[in-house]
Amino acid sequence: MKGIKKYIYVTTLLLSSQFMMAQNQSTADELYQSKAYNEAAQLYSNLLSKGYDSQDIHRRLADAFYFNSQYVNAVPHFESYINKSTSVAAIYYLRYAKSLEAAGLDTKAAHYYDKFSDTPNASEIATYSDYFNEVPLIESEPTLNTNLSEYPALVNNQSLYFISNRNIEKQGDQWSGKNLYTLYRKSLNEAYEEEIVFPRLSVYHEGSVAIDPSGQRLYLTLGGNGTTSSEDETVEILKIHQFNKKGKRWIHQGALPFNGEGFNTAHPALNSDGTKMYFSSDRPGGFGSSDIYVVSIDSEGNFAEPRNLGASVNTIGRESFPQVTPLDQLIFSSDGHKGYGGFDLFGIDVDAAQPVLVNLGSNYNSNQDDFSLIYCEPSHGFLASNRAGESSDDIYVFKHDKTLDFTPKGQIVGRVVYQGTPLSEVALNLNNLEADPISNHTSEDGQFKFDFSSASKLVLALDKEGYESQEIELSSKPFGIVDLGDIELKKSIESLSVGDDLAKFFEIEMIHFDFDKWNIAKESAEDLAKIAEVLIQYPDLKIEIRSHTDPIGTAAYNQILSDKRAKSTYDYLIGLGAKASQMTYKGYGESQLLDQCNSCSKEENRKNRRSEFIIVK
């Protein structure tokens, strides 16, 4: 009876433990669905620590870390989910690659970028460019940053508007577990402390802001002002709200008409004349987690229907934080295009005839999150990044001497070699149907690089004295980096002189004969055709055909065999059209062995059995 009671007690404990674990996962799932990623991550981690393991937990825990930019923490859980799952959605190859880059594991990241590229949802790789010969000055702005998060949103009327969660009175951000964000303003010319722009919005999540050119309308992202319920899911809704200027105050006018319930609309940015607003949204019908949209604004401030910017900008991932440069170029952040890790900054001239997306390059992007680049003037501005290795975002200042140029750009790189040895001073011409040719030459280590703009057909011509010229036709519009690898040049016939061997020039290792015979084997027909063609093309050229054997057998026998093989080769070339007056022949038997050996291996004997076609005139 005691044994039965003990069994019932232990079973009850196990069932109770399993029930508690199931309850905890259910709670974690609800938090995950409501985007309370910080709390969800804590519960999922606790479940794993207690041995309650599943690939679904790893997937959601990886996402929870990923969405809070804790990429290093996300890596092992993406790895577990991907390696142990029979079916993996394409987005997880991309998120894993991004997380690996952020962790400094670039080689492994490249492998998973390739796996993502093989899926139907893969986005085209944008052009990469470090635009400026000089590296732009990018440094942290200590007067604005704290140990919490800050990011710039707008420069208007010599004031910087920025967002921060430093306001301890606004606690309760479920997504990150930190404070809600607040909009601040700080003068760029005077040493005033920053001020809260809307002190009465104490219960709202405040985000990116835009002010129209008249200075009379302000558009602000607000969150927590609406929810949507689907089954047990409760999600905060971000909406763009309008405020109109009255005296020195901003008066709330309500949410813009293209907001909606059940999806987020955020991060407004205006072009220079205020006729277009760009924003980010996860509304239905997009390409991925969130897309960039544009909406026209008339002179009365009325809005048309928003338009998705399409696949040239948007991906299966997240596109967010649109901004507009002084030249009305669009800059935004994305984790859906291949980059350097986390969110990267991209730019595009959406009004160009052929808009081409450009990654702003390693000068602006890090292996962490880089976003919200704004301008004070054409060569000076601010951006946000958590590149310092902390979970919080900081504001950085950037300065450069040139304006950003988003015309189509590409780069061709490669190396020119001869039999693996780099060739310097190879003349290169990049011929372009849409532009003048570009000339270049290889460096001492054989390397070359071409930068070019738009092209419909590119042909790379290579020329070096003593070598055969070569042309390489490239695919249409090869924007981005095109790595041609090693390009092998061959020596030209004109480079040969008396004493050179045509067999080495054509890389003919040996002329094959049937065993113990002197009949030309079929596998040597193509090689001898090359020799005959040269003799026909150059009638003044004269060669001596030399046939060598290995040391197997007697020297006398090998001499006779080599004589017959040399004569057979001579007759075969005459049969192909070569003149008898251009050739002599001689057998050398085993008298000129390349490998002197007592008991030669098969490989050593193969090297000794050779034919030579030595130029004598």
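Any read-out appearing in this document is the output of simple, stated calculations on the displayed coordinates, not a laboratory observation. All of these numbers come straight from a predicted model, not from anything done at the bench. With ideal geometry, Cβ positions are generated from the backbone for all residues, glycine too; neighbour counts draw on all protein chains shown.
Relative contact order, whole percent, for region 127-399 stands at 17, derived from Cα pairs under 8 Å and 6 or more residues apart. In the set (i) 68, 35, 19; (ii) 38, 32, 23; (iii) 66, 28, 23, the label that goes with semi-axes √(5λ) of the Cα gyration tensor in Å computed for this structure is (i). Convex hull volume of the Cα atoms of region 303-406, normalised per residue: 120 Å³. Once both labels are positioned 7 Å from their Cα atoms along Cα-to-Cβ, the gap between residue 327 and residue 85 label points is 4.2 nm. Summarising the overall dimensions of region 127-399 from its C-alpha atoms, the Rg and Dmax are 17.6, 55 angstrom. Report, in degrees rounded to the nearest 10, the 0 to 90 angle that the Cα long axis of helix 71-84 makes with the longest principal axis of the chain. Its long axis makes an angle of about 60 degrees.
Subtracting the Cα-Cα distance of residue 33 and residue 472 from 0.36 nm times their residue separation leaves 152.8 nm of extension gain. Computed from the C-beta positions of residue 498 and residue 522 and an R0 of 41 Å, the FRET efficiency is 0.80 to the nearest 0.05. The spacing between region 501-580 and region 338-392, judged by their C-alpha centroids, is 64 Å. Other residues whose C-beta falls under 11 angstrom from the C-beta of residue 307 contribute a net charge of -1, scoring Lys and Arg +1 and Asp and Glu -1. Here the relative contact order of the chain, from alpha carbon pairs under 8 Å that lie six or more residues apart, stands at 9 percent.
Protection proxy ranking of 485-492, 257-264, 62-69, by the mean of other Cβ atoms within 10 Å over each peptide's residues and highest first, is 62-69, 257-264, 485-492.
Taking a ≥ b ≥ c as the square roots of the Cα gyration tensor eigenvalues, region 496-615 comes out prolate, since a/c reaches at least 1.5 and a/b is larger than b/c. The modelled label-to-label distance for the pair residue 405/residue 139, using points 7 Å beyond Cα in the direction of Cβ, is 2.8 nm.
Do any of 542/586; 35/239; 35/178; 98/399; 579/617; 98/402 go past 19 Å between their Cα atoms, and which?
98/399; 98/402
Treating region 335-382 as a set of equal point scatterers at the Cα positions, no solvent, please give the Debye-formula log₁₀ I(q)/I(0) at q = 0.19, 0.30 Å⁻¹. Those come out to -0.68, -1.11, one per q. If one takes the longest principal axis of the Cα atoms in the chain, at what angle in degrees, from 0 to 90 and to the nearest 10, does the Cα axis of helix 2-33 lie? Tilt of helix 2-33: around 90 degrees. For the peptides 201-210, 392-401, residues were scored by their other Cβ atoms within 10 Å and the scores averaged per peptide; the highest-first order is 201-210, 392-401. Could you work out how far helix 90-102 tilts from the main Cα principal axis of the chain, as a 0 to 90 degree angle to the nearest 10? Tilt of helix 90-102: around 90 degrees.
Which order, highest average first, do 554-562, 319-327, 294-302, 334-342 follow once you tally other Cβ atoms within 10 Å for each residue and take the mean per peptide?
Descending packing order for the listed peptides: 334-342, 319-327, 554-562, 294-302.
Using 0.36 nm per residue, how much length does the chain from residue 307 to residue 110 gain when fully extended, once their Cα-Cα distance is taken away?
Net length gain for the segment: 67.6 nm.
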